[in-house]
Amino acid sequence: MQMDEVARRGLVLLGCGKMGSAMLAGWLEGGLPKQSVTVLDPKPSEWLQKQGVRLNEELPEDPAIVLVAVKPQMMGDALPSMQAKGNGSTLFVSVAAGTPIATFEQALGESTPIVRAMPNTPSAIGRGITAIIGNAHATPEQVDLAEELLRAVGQVVRLESEDQMDGVTAVSGSGPAYVFHLIETMAKAGEEQGLSPELALQLATATVAGAGALADGSDEHPGKLRENVTSPNGTTQAALDVLMNEKDGFPVLLSRALKAAADRSRELANG
Ligand SMILES: NC(=O)c1ccc[n+]([C@@H]2O[C@H](COP(=O)([O-])OP(=O)(O)OC[C@H]3O[C@@H](n4cnc5c(N)ncnc54)[C@H](OP(=O)(O)O)[C@@H]3O)[C@@H](O)[C@H]2O)c1
């Protein structure tokens, strides 16, 4: 199933907040006809009202895809209106954090094709990464289609089983917040070394962004990139001796932090 089939049968976007708007912008830029998109959202933003899509109108008879982008806590209100499209050839794709495939199967029917996706916030600038997994009723073509749609906001990776979602949530889903905190704490530590708050923040932000771009664009493993910039007994080495300390450095700290996130993700999935 390709995008021309989406254009013909229609796409329904349920919930058009931050994540829904980022995806919609990508699809429209990619050439999906406006009139093929039906958006349901109780309080459409000004941006959305100007897009020329079908807004809060009747649903197409047999849409190719329904993309669910409401908050997990709104799912109970939002899904029943979609029940008539379940158990058929309409693919449901959900980006809701922590809502398992089983919840959709219960609400929409056991034989509904469903793809669960976990994006992250850099999707807002097209630099996200989304992990996806389909249920038994999602055909390989439908999983390909979900991947193509989600590529509008960044990279897409495929999982082998749904329980990997907890690890994905811990690394990439919650990860942007760890990086923001890294920037914050690097800037604070820079202030302790005599820099002004503005200068320290600018240096820390640009360093994280620049090093991230370097790692992203390089074929080298980040460990090798680190070694390349660490001269023996130099300044970087002095800091890395602290950060790489086996007792209280990054390795143990991040291991604890990611375990806490994954544990919480499992707890939330179990209600
Ligand atoms: N933002 C991210 O980077 C990110 C990352 C990973 C996963 N996600 C997932 O993406 C989903 C959306 O997140 P978001 O950040 O885009 O949230 P958001 O900005 O709050 O967007 C949700 C949108 O859905 C609307 N809505 C609420 N109830 C509805 C209903 N019954 N029918 C149709 N629309 C309804 C909301 O309208 P009101 O404002 O009127 O309530 C809002 O416009 C969440 O499930 C979240 O877990 C987001």
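DSSP beta bridges confined to the chain are antiparallel in about 15 percent of cases. Of Leu24, Leu225, Leu11, the residue with the greatest mean-square motion in the GNM of the chain, using alpha carbon springs below 10 Å, is Leu225. Here r is the Cβ-Cβ distance between Met186 and Asp219 and R0 is 35 Å; the resulting FRET efficiency, rounded to 0.05, is 0.85. The residue among Ala84, Thr235, His221 whose Cα reaches farthest toward the positive pole of the charge dipole of the chain, with charges on the beta-carbon of Lys, Arg, Asp and Glu, is Ala84.
Under 29 Å from the Cα of Lys85, which lysines turn up, not counting those fewer than eight places away in the same chain? Reachable lysines: Lys18, Lys34, Lys43, Lys50, Lys71. Using the alpha-carbon positions of the stretch 148-231, Rg (one decimal) and Dmax (whole number) come out as 16.5, 49 Å. Value of Rg to Rh for the stretch 64-191, rounded to two decimals, is 1.05; Kirkwood radius and Rg both from alpha-carbon coordinates.
Using a simple spin-label model with pseudo-atoms 7 Å out from Cα toward Cβ, Asp62 and Leu243 lie 5.6 nm apart. The tail of the calculated P(r) for the chain, taken as Cα-Cα distances beyond 23 Å, holds 59 percent of the pairs. Would any residue of the stretch 1-21 have its amide N under 20 Å from a label point 7 Å out along Cα→Cβ of Leu55? List them or say none. What the label zone holds, given the 20 Å backbone N cut-off, is 11-21. Pairwise Cα distances in the stretch 201-247 exceed 18 Å in 42 percent of cases.
With contacts taken as Cα pairs under 8 Å and at least 6 residues apart, the chain reaches a relative contact order of 14 percent. Across the stretch 129-271 the C-alpha pair distances fall into 5 Å bins from zero in the proportions 2, 8, 11, 15, 19, 15, 11, 8, 5, 3, 1, 0 percent. Scanning residues 5 or more positions from Leu13 or on other chains, those with amide H under 5 Å from its amide H are Thr38, Val39, Leu40, Leu67, with H placed 1.01 Å from N in the peptide plane. When the alpha carbon coordinates of the stretch 67-124 are projected onto the principal axes, the ranges are 33, 21, 16 Å, largest first. Placing a pseudo-label 7 Å from each Cα along the Cα-to-Cβ vector at Ala84 and Arg127 gives an inter-label distance of 4.4 nm. Taking the chain as a Gaussian network, Cα atoms linked when under 10 Å apart, which of Thr103, Thr235, Thr130 shows the biggest mean-square fluctuation? For the chain, modelled as a Gaussian network with Cα springs under 10 Å, the answer is Thr235.
Note on the stretch 3-116: Cα convex hull, mean projected area over all directions, 6.4 nm². Across Val171, Val156, Val208, mean-square fluctuation computed from a Gaussian network of the chain (C-alpha pairs under 10 Å connected) peaks at Val208. Computed from the Cβ-Cβ distance with R0 of 22 Å, the FRET efficiency linking Met74 to Arg266 stands at 0.50. Kindly list the residues of the stretch 46-68 that lie in the label zone of Leu28, defined by a backbone N under 16 Å from the point 7 Å along the Cα-to-C-beta vector. Zone members listed by number: 46-57.
Read-outs: derived from the displayed coordinates by stated rules, not from any lab. As the structure is a prediction and not an experimental result, all values here were calculated from the model. Positions of Cβ are backbone-derived with ideal geometry, glycine not excepted, and every protein chain shown enters the neighbour counts.
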